[in-house]
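K.L.:
A single structure is presented below for examination.
The values are calculated or read from the model by the stated rules, or taken from the named source; none is laboratory data. This one's a predicted model, so the numbers in the text were calculated from it and none came from an experiment. Counting neighbours? That spans all protein chains shown, and the Cβs are built from the backbone with ideal geometry, glycine included. Side chains are part of the model used for accessible areas, which takes the heavy atoms of the whole protein and leaves out ligands, DNA and RNA. Shrake-Rupley method; radii C 1.70, N 1.55, O 1.52, S 1.80 Å.
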Amino acid sequence: MAKSGNTMFAVLGVLTKGVYSGYDIKKHFSGSLHHFWSESYGQIYPALKELVAQGYAVEASTPNQTRGQKKYQITPEGMDHFREWLSAPIGALNYRDELLLKVFFATPQDREVIRGLFEYELGELTNAMEVYREQQRALMTQKQSPEDLPMWMLTLNYGILSTEARLQWCKESIEWLNQQR
């Protein structure tokens, strides 16, 4: 079985949107999903194998399919299984933050290094916010709204709000470190 049940549901979630190869599924995780969820090929392919073994997905024959490239589609049982997971309470947030880890283990002698990390993060967050705002503008100005637009907007709003909070934390942390000289 794939290492994470959530990996299987993440892959199933992509398959609810269409027929995809493992490569195509990875592109979804490298696209808009990468802001909040990632999966590697080493996680995707075992999950696909398990989903097929459990009858939740099947290999699909598609026109113009590249030789040797397998495409997968969700089965009705897979859709039921996915919907059951979707309605179940969520588990505890498994949060991993390398910047927080470094700050936690830093000592006063590392103040300049930590300030540099905060300044770098500030730049990255500013860039991410620009991307989020552009995505928001693009979604809001579409002539024909996709069916999934309300859920995409909820997800995007989380990204914007959490990025704003982290931006504020970085700015306040830099200011605090500057006062500690």
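K.L.:
Pick from Pro108, Pro89, Pro76: which is open to solvent by 80 Å² or more (accessible area, probe 1.4 Å) and modelled with pLDDT of 95 or more?
P.N.:
Numbers: Pro108 fails: modelled with pLDDT of 95 or more; Pro89 fails: modelled with pLDDT of 95 or more.
Pro76 is the lone residue from the list that is open to solvent by 80 Å² or more (accessible area, probe 1.4 Å) and modelled with pLDDT of 95 or more.
K.L.:
Checking Met129 against (1) in a loop (DSSP other than H, G, I, E, B); (2) open to solvent by less than 60 Å² (accessible area, probe 1.4 Å); (3) without any contact (Cβ under 8 Å) to a residue 40 or more places away in the chain, which single condition isn't satisfied?
P.N.:
It fails just one condition, (1).
K.L.:
Next question. Mind checking which residues of the range 30-45 are touching a residue at least 40 places away in the same chain (Cβ under 8 Å) and surrounded by 17 or more Cβ atoms within 10 Å (Cβ to Cβ)?
P.N.:
Here is the first cut: in the range 30-45, the residues touching a residue at least 40 places away in the same chain (Cβ under 8 Å) are 32, 35-36, 43.
Answer for the range 30-45, where residues must be touching a residue at least 40 places away in the same chain (Cβ under 8 Å) and surrounded by 17 or more Cβ atoms within 10 Å (Cβ to Cβ): His35, Gln43.
K.L.:
Looking at the range 150-171 only, could you name the residues that are over 15 Å from Phe36 (Cβ atoms), open to solvent by less than 100 Å² (accessible area, probe 1.4 Å) and of a type outside the set (A, V, I, L, M, F, W, C)?
P.N.:
Pro150, Glu164
K.L.:
Please give the number of the condition Trp85 fails out of (1) among the aromatic types (Phe, Trp, Tyr); (2) closer than 30 Å to Ala53 by Cβ; (3) not in a helix (DSSP H, G or I).
P.N.:
Failed condition: (3).
K.L.:
Ok, one more. Answer with yes or no whether Leu100 is within 30 Å of Glu172 (Cα to Cα), open to solvent by less than 60 Å² (accessible area, probe 1.4 Å) and either among the hydrophobic types (A, V, I, L, M, F, W, C) or modelled with pLDDT under 95 (or both).
P.N.:
Numbers: within 30 Å of Glu172 (Cα to Cα): yes; open to solvent by less than 60 Å² (accessible area, probe 1.4 Å): no; either among the hydrophobic types (A, V, I, L, M, F, W, C) or modelled with pLDDT under 95 (or both): yes.
No: the conditions fail for Leu100.
K.L.:
Now for a different question. If I ask for residues that are exposed (fewer than 10 other Cβ atoms within 10 Å of the Cβ) and not in a loop (DSSP other than H, G, I, E, B), which ones from the range 138-149 would you list?
P.N.:
If the condition is that a residue be exposed (fewer than 10 other Cβ atoms within 10 Å of the Cβ) and not in a loop (DSSP other than H, G, I, E, B), then Ala138 is the only one that fits.
K.L.:
While we're here: Could you list all residues from the range 125-162 that are acidic (Asp, Glu) and at pLDDT 90 or above?
P.N.:
From the range 125-162, those acidic (Asp, Glu) are 130, 134, 147-148; that's our starting set.
Of everything in the range 125-162, those that are acidic (Asp, Glu) and at pLDDT 90 or above turn out to be Glu130, Glu134.
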